[in-house]
Structure formats: C-alpha cells, structure tokens
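As structure tokens, the structure follows; a few thoughts come after it.
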C-alpha cells in the first residue's frame, strides 16, 4: 500500500470513528470528543504500532478537530448562533491577536 493510500485510509477510519463517537455521545450525554479520545488512547496503549509519526498525529488531530467543530456547528441552531455570534467574533479576533503577540514576545526572548 502506498503512503498516500495509507493516509487516506487512516483519515477515513478517523472520520468513521468520529461519526460513531458522535452518535454514542448523544446516547450517553457526554461531549462528542470524549468517547473518540478515550478509544484512541486505549488503542494506542494496547497496540503500540498504532502510534505513528508526529506528523501523522497532527494530521489526524486536525481532521478530528474539523469533525468536532462541524458537529458542534450543526447542533447549535440559528437562534443560539445569533446570541453567541458577537462574543465568538470578539474572542476570536482578540484571541488571535493575543496569541500572535504572545508568540512574538516569546520568540523575541
């Protein structure tokens, strides 16, 4: 199997697992990420060969974050979004500038 093919298979498996974790979380009333992260942690301890390179872990975490944010966005509803839109934008913009400033300060030291 090629590296690209293995990557696509891995991303697909992560997406399917995230969807199952989302459905499970609805039944047991926990955040959607919780069952997904617990299963991933247990699997990495049981099967040490599942631990890939740092680059692969970053890619999987990025895909998982996209799924988690998409799931949360689809469940919020328009009414709740309108109420939360202003704080989200303000915190997002201020948080971005604060993070960039903090990184710049640490990099300068």
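Please treat every number below as a calculation from the coordinates, not as lab data. Please read these numbers as outputs of a predicted model, since none were measured by experiment. Ideal geometry is used to build each Cβ from the backbone, glycine not excepted, and the neighbour counts take in all protein chains shown.
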With the Cα gyration tensor of the range 1-76 in hand, give its eigenvalues times 5 under a square root as the equivalent ellipsoid semi-axes, listed largest first in whole angstrom.
23, 15, 10
Going by average Cβ neighbours within 10 Å, how do the peptides 6-12, 41-47 rank, with the highest at the top?
6-12, 41-47
Mind sorting 3, 62 by how few other Cβ atoms lie within 10 Å of their own Cβ, fewest first?
3, 62
Taking 7 Å along the Cα-to-C-beta vector as the label spot, tell me the residue 30-residue 46 distance in nanometres, rounded to one decimal.
1.5 nm
